[in-house]
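Trainee: Mind having a look at this structure? Questions to follow.
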Amino acid sequence: MSRLGKIARRSFLFGSVAIVGGVAFGFYKLNQDPENPLKSTASTHVLNPFVFIDQNGITLIAPKAEMGQGVHTTWAALIAEELDVELDQINVLHGPPAIAYYNSALMGAALPFLDYEIGRFQDNLRGFVGEAGKLLGIQLTGGSTSMKDGFERMREVGASARETIKQAAADEWGLKRQDLSTKIGVVSAATGQSGRYESFAEAASRISPPRISL
C-alpha cells in the first residue's frame, strides 16, 4: 500500500508539473509575436507584418476578404490616423496566409456573452480566448468580426510604424524620438530638420518595432 501511495503521489506530481508547464508554455506562446511573413528587399521596407513602404508609398496588408462591408477602407483609415497620413496615402493589398494575420476576435465572439451585457471580466476573457487564434492560426473573414479584430490592432501597428520611423529619424539626427513630431507623412524636429517617411523607411526596417499600447 505504501508503494502504491508513493507511485500515486509521484504520478500526481509529474502530472501537475506537466500541466503547469503546459499552461506556462501556452501563456508564453500567447504573448509571443508571430513571425513576420513579410521580408524587406532593396526596394521594399517592412515595418511590421501589416505595413511596408516602397516606391508606391505606404501599403497596408489587410488579410480580411472584402465582402462589401468596407473593411479595407476602415482598416486603412485606422492605420492612416495613427501613422499621421491622409487616407489616400495608404495602398491596400490582401495579405498572404500567415499566423500573424490570425483573427483575434472570432473565438472570443463565440463565448456566450451578449455584447451589451459584458463587464470587464467577460471582456478580458474574450480577449484572452481570442488570442488562442494565434496558436491555431485561424485567419478568416466572418462572424462580423473584422472590425472587432482590427480596431485595436490596426491602431497599434499604425502607431508602431510611426514610432519606428521617428526612431530612425532620431538616430540619423542624433535626437530623442519623443522630441520629434509627425504630420501628413513627414517627421519634423524643433531644430528645423524634417523628412518624408520614405527617406527613413530603409533604416526603420532594420529597427525592432516598439510595442504600442493605446
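The values are calculated or read from the model by the stated rules, or taken from the named source; none is laboratory data. From a predicted model like this one, the values you see are computed outputs, not experimental measurements. Note that we place each Cβ from the backbone using ideal geometry, even for glycine, and neighbour counts take in every protein chain shown.
Trainee: Residues in the stretch 156-165: is at least one in a helix (DSSP H, G or I) and modelled with pLDDT under 90?
Mentor: Within the stretch 156-165, none of the residues are in a helix (DSSP H, G or I) and modelled with pLDDT under 90.
Trainee: Looking at residue 80, is it part of a helix (DSSP H, G or I) and modelled with pLDDT of 90 or more?
Mentor: Considered against the rule, which asks whether it is part of a helix (DSSP H, G or I) and modelled with pLDDT of 90 or more, residue 80 comes out as yes.
Trainee: Quick check on this structure: which one of 53, 99 is in contact with a helix residue (DSSP H, G or I) (Cβ under 7 Å, 6 or more places away or on another chain), aliphatic (A, V, I, L, M) and under 25 Å from residue 124 (Cα atoms)?
Mentor: Result: 99 is the single residue among 53, 99 that is in contact with a helix residue (DSSP H, G or I) (Cβ under 7 Å, 6 or more places away or on another chain), aliphatic (A, V, I, L, M) and under 25 Å from residue 124 (Cα atoms).
Trainee: While we're looking at this one, here's another question. Which of (1) modelled with pLDDT of 90 or more; (2) on the phi > 0 side of the Ramachandran plot does residue 60 not meet, given it meets every other one?
Mentor: (2)
Trainee: Which of the residues spanning the stretch 167-191 are in contact (Cβ under 8 Å) with a residue 40 or more places away in the chain and not in a helix (DSSP H, G or I)?
Mentor: Of everything in the stretch 167-191, those that are in contact (Cβ under 8 Å) with a residue 40 or more places away in the chain and not in a helix (DSSP H, G or I) turn out to be 182, 183, 184, 185.
Trainee: Which one of these is closer than 16 Å to residue 60 by Cβ and not hydrophobic (A, V, I, L, M, F, W, C): 158, 174, 192?
Mentor: None of the other options fit; the residue is 158.
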